[in-house]
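Data block below; observations after.
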Amino acid sequence: MHELPVTKSIYQIVLKHAKRGNVKRVMSVNLEIGTLSDLQDERVQRYFDHLSRGSIVEGAKLKINRVPAVFRCNRCQQSFEVDSLLENDLSCTQCHSRAVTLVSGREYHMQLKEVRRITYASNSDTGPFTDFTLEIDARLVSGTEHTDYGITFRRQCRGNFYFFTVSPDGTFTVGKQVKNEWYPLETGKSAFIKGDNSTNSLKVICDGPEAQIFVNENCIRTIADDSFNGGRVGMMVGVREQPYGHAAFDSLEVSR
Ligand SMILES: [Zn+2]
């Protein structure tokens, strides 16, 4: 159970950096863990979910990357990488000496890469609508593969709405903003999301507390949440790492 203290320190570091950077919500944390560390990914995530409940880090996904261990030869000083102690022969790649010292590979590194800051939200508000079907064609004009673009719905006022965004890297997020705080409800990857600057048809069917989420006519999630039962619809562009993003929207259609 040594994952718990390690996860606790990861959580505390993430929280400290998020607060310092005035981040509203942390979506994911990139972690590099040495291959020789026996930390179990699932346990780390489970402890993290537990520790972060109720904080701005709640719901953040840990993206764990295993990095090879580095050894150095005691005889000729050659450094070499080892992926696995079971599969690799532990001897110097240059002089084949077996007198080697572990340099790195048991530790972990952390990059808080994907913090979400919506720096630009374009809302051509229409509505209000209670139960409806909203469809729109959306396309990224410029940004990176991590730029999120999509729709807002059941928007009450600034800082209070649901949103559904996709990005060229194939990820989607359905969530809400309540009193300017971001709450992810569903996030994941979908093969139905077209990458690069392709047009994606986005659709939301709202019926009572349920919303069905579609990408290119494929239902990818159904969410249930009763924070807002009606409101306006609009569009948004969010960015994670870079300072700008630009998306184009066409054929907005709201029906019952
Ligand atoms: Zn050597």
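What FRET efficiency comes out for the pair Asp89/Asn65, r = Cβ-Cβ distance, R0 = 30 Å, nearest 0.05?
0.80
Gain in length, Asp169 to Arg43, computed as 0.36 nm per residue apart minus the alpha-carbon separation, to one decimal in nm?
42.7 nm
Using 0.36 nm times the number of residues separating Ser190 and Gln77, minus their current alpha carbon distance, what extension gain do you get?
Computed gain between Ser190 and Gln77 is 36.0 nm.
For region 181-230 and region 40-102, write down the distance between their C-alpha centroids in whole Å.
About 36 Å separates the Cα centre of region 181-230 from the one of region 40-102.
Where does each of 191-202, 51-62 land if you order them by average Cβ count within 10 Å, highest first?
Result, highest mean first: 51-62, 191-202.
Could you work out how much longer the chain between Glu32 and Glu58 gets when fully extended? Use 0.36 nm per residue separation minus the Cα distance between them, nm to one decimal.
Result: 7.3 nm gained on full extension.
Taking 7 Å along the Cα-to-C-beta vector as the label spot, tell me the Gln156-His96 distance in nanometres, rounded to one decimal.
In this crude label model, Gln156 to His96 measures out at 7.3 nm.
All of the numbers you see were taken from the coordinates with simple rules; none came from a lab. Since this is a predicted model, take the numbers as computed values, not measurements. A quick note on method: Cβ atoms are made from the backbone with ideal geometry, for glycine too, and the neighbour counts reach across all protein chains shown.
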